[in-house]
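Input: a single structure, listed below in structure tokens.
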Amino acid sequence: MARGKIEGLVRAGARVTVVAPRAVEGIHRLVTEGLVALIARAYARDDVRGFQLVIAATDDHDVNRSVAADAGSAGALVNVVDCAELSTFIAPAVLAQGDLQIAVSTSGASPAFAAFVRDRIRRDIGPEFGVALAILRRVRDRLRSDARSNADRRRILRGLAEAGLVERVRTKDRAGIDRLLGSFAGHGTTLAALGVELA
């Protein structure tokens with residue numbers, strides 16, 4: 001649970017410090033890569049000082065309660081995993097595919113269940129959704145520069161999504177994508193013209 005929270009914070013650009021007597025391999029890898037600082041010892045009261053956001057993700061309720069109280073005294077936001085009543089904010093389980101982000105929350109009732117639901121969604125929402133979104137963003141920018149109306153842009157972008165853009169991205173059907181782009185956004189609108197490459 002702690003590793004997932006840490007990885008999410010790192011992806012968001014946060015500078016993360018972990019206080020733990022033991023850390024799993026994934027956290028050690030982040031430390032080795034210089035993305036996370038590790039203080040390898042048990043939690044001490046002053047560890048929260050100077051931080052804006054604190055997450056308590058230990059399996060010891062007493063330690064989590066102390067972290068929450070200390071963070072509150074230090075003026076930091078705090079999330080206690082599995083205990084919404086001790087938290088000042090709730091962190092949902094997030095599925096990110098490129099710029100597409102889907103958040104699942106159980107309002108603190110069960111973060112493990114939120115992660116389970118997120119992982120179920122991941123089966124249907126793969127990386128092709130992030131690539132399709134990147135294409136739609138470029139199309140939207142192009143339509144704006146053509147001074148199309150908001151209604152026209154919405155119709156075109158929704159049409160592309162509903163006409164099977166995601167499926168064509170998933171199968172890497174470049175010709176099919178270019179045909180879709182041309183029919184909805186106008187002649188000359190292609191992956192190459194938009195500067196989008198399919199991996």
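Looking at (1) in a strand (DSSP E or B); (2) touching a helix residue (DSSP H, G or I) at 6+ places or on another chain (Cβ under 8 Å); (3) without any contact (Cβ under 8 Å) to a residue 12 or more places away in the chain; (4) of a type outside the set (D, E, K, R), can you tell me which one Ile102 breaks?
Result: Ile102 fails condition (3) only.
Does Arg168 count as farther than 30 Å from Asp59 by Cα and at pLDDT below 95?
Details: farther than 30 Å from Asp59 by Cα: yes; at pLDDT below 95: no.
Criteria not met by Arg168.
Is one or more of the residues making up the range 9-21 touching a Leu at 6+ places or on another chain (Cβ under 6 Å), surrounded by fewer than 19 Cβ atoms within 10 Å (Cβ to Cβ) and of a type in the set (D, E, K, R)?
No, the range 9-21 has no match at all.
Out of everything in the range 68-87 that is of a type outside the set (Gly, Ala, Ser) and in a loop (DSSP other than H, G, I, E, B), what residue ends up being farthest from Met1 (Cα to Cα)? Explain how you work it out, then say what you get.
As a first pass, look at the range 68-87 and keep what is of a type outside the set (Gly, Ala, Ser): 70, 77-83, 85-86.
After this cut, where a residue has to be in a loop (DSSP other than H, G, I, E, B) as well, the list is 81-83.
On the way: Val81: 8, Asp82: 10, Cys83: 13 Å.
Filtering first and then ranking leaves Cys83.
Could you please tell me which pairs satisfy a Cβ distance under 6 Å, a separation of 6+ or placement on different chains, a first residue in the range 152-179 that is crowded, with 16+ Cβ neighbours inside 10 Å, and a second residue that is polar (S, T, N, Q) and modelled with pLDDT of 95 or more?
Asp178/Thr190
Could you count how many residues in the range 119-150 are at pLDDT below 95 and of a type in the set (A, V, I, L, M)?
2
Can we say Gly26 is surrounded by fewer than 16 Cβ atoms within 10 Å (Cβ to Cβ) and not in a loop (DSSP other than H, G, I, E, B)? Let's see the steps before the verdict.
Working: surrounded by fewer than 16 Cβ atoms within 10 Å (Cβ to Cβ): yes; not in a loop (DSSP other than H, G, I, E, B): yes.
For Gly26, the condition - surrounded by fewer than 16 Cβ atoms within 10 Å (Cβ to Cβ) and not in a loop (DSSP other than H, G, I, E, B) - is met.
Looking at Arg144, is it over 30 Å from Pro92 (Cα atoms) and among the charged types (D, E, K, R)? Step through it out loud before you land on a result.
Details: over 30 Å from Pro92 (Cα atoms): yes; among the charged types (D, E, K, R): yes.
Spelling it out, Arg144 is indeed over 30 Å from Pro92 (Cα atoms) and among the charged types (D, E, K, R).
To keep it simple, each residue is scored yes or no on (1) in contact (Cβ under 8 Å) with a residue 12 or more places away in the chain; (2) in a loop (DSSP other than H, G, I, E, B).
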| residue | (1), (2) |
| --- | --- |
| Gly34 | no, yes |
| Arg41 | yes, yes |
| Phe89 | yes, yes |
| Leu95 | yes, no |
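The values are calculated or read from the model by the stated rules, or taken from the named source; none is laboratory data. Model, not experiment: these values are computed from the prediction. Cβ atoms come from the backbone with ideal geometry, glycine included; neighbour counts cover every protein chain shown.
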